[in-house]
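The values are calculated or read from the model by the stated rules, or taken from the named source; none is laboratory data. From a predicted model like this one, the values you see are computed outputs, not experimental measurements. Cβ: placed from backbone, ideal geometry, glycine included. Neighbour counts: every protein chain shown.
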Amino acid sequence: MAVEADRATARRAQIFEAAAGVFARQGYHNARMDDIVRASGLSKGALYWYFKSKEELATGLVHQMLSHEAEAMRAVMASGAPAADRLQVLVRAFSGDLTKNPERASLALELLALARTIPDIRGCFDSHHEYFVEQIAALLGEITGTGGDSSAARAAALAFASLIDGLMLRWTLSVDPFDLESALRESAEILIRGTRAGERD
């Protein structure tokens with residue numbers, strides 16, 4: 001039984017990897033299930049055994065991607081490092097994932113666009129964004145000594161999340177590439193300084 005479960009997990013991961021590449025390169029709406037079949041190396045029957053439609057596959061991919069991101073975030077938050085260091089680790093991990101695999105940014109934009117018409121994807125992104133903001137607010141609360149529930153920490157966390165989204169979009173669409181990690185790191189440092197200054201006023 002465990003062997004079958006492991007095989008199913010491996011097959012789903014194989015399909016997700018193939019779908020991620022196809023969606024990033026061709027766009028969700030231009031991608032066909034046959035394209036994903038070819039990219040995965042599986043038979044059409046095997047693909048449809050796990051996913052009955054392209055929408056179901058895209059939804060599963062979103063859940064998988066955001067689940068992995070949340071797990072990585074939980075590991076950083078539990079590391080015991082100073083809050084400012086943990087914030088920078090999160091920034092480096094996020095930017096590193098994108099710069100090492102630029103297709104990931106294109107994929108994220110493709111999948112995020114689906115949130116407008118697919119409720120499950122919208123709910124998944126919304127929950128993940130809220131979790132991210134909560135963690136950033138908690139770190140800023142530790143840094144300023146006010147706790148993550150303070151209005152200033154919450155507002156700063158929302159601003160930082162929006163800044164990350166904006167920089168990712170700008171980096172993805174930019175004709176002249178810039179150093180995403182440096183831009184995010186400097187933004188995090190400005191955010192920390194501003195939050196500290198705001199709490200002193």
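The residue of region 158-177 that is surrounded by the most Cβ atoms within 10 Å (Cβ to Cβ), among those that are of a type in the set (V, I, T) and in a helix (DSSP H, G or I), is I164. In this structure, G123 does satisfy being modelled with pLDDT of 85 or more and more than 16 Å from D85 (Cα to Cα).
One line per residue, one yes/no per condition, for (1) touching a Lys or Arg at 6+ places or on another chain (Cβ under 9 Å); (2) under 24 Å from A105 (Cα atoms):
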| residue | (1), (2) |
| --- | --- |
| T9 | no, no |
| R12 | no, yes |
| A19 | yes, yes |
| Q26 | yes, yes |
| M33 | yes, yes |
| S43 | no, no |
| K54 | yes, yes |
| T59 | no, yes |
| V62 | no, yes |
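Comparison of A155, A58, A105, A138 shows that the only residue that is surrounded by fewer than 16 Cβ atoms within 10 Å (Cβ to Cβ) and among the aliphatic types (A, V, I, L, M) is A155.
Among residues belonging to region 108-135 that are part of a loop (DSSP other than H, G, I, E, B) and among the β-branched types (V, I, T), point out the one that is surrounded by the fewest Cβ atoms within 10 Å (Cβ to Cβ).
Selected residue: T117.
If only one of A105, A8, A58 is modelled with pLDDT of 95 or more and part of a helix (DSSP H, G or I), which one is it? When all the criteria are applied, what remains is A58.
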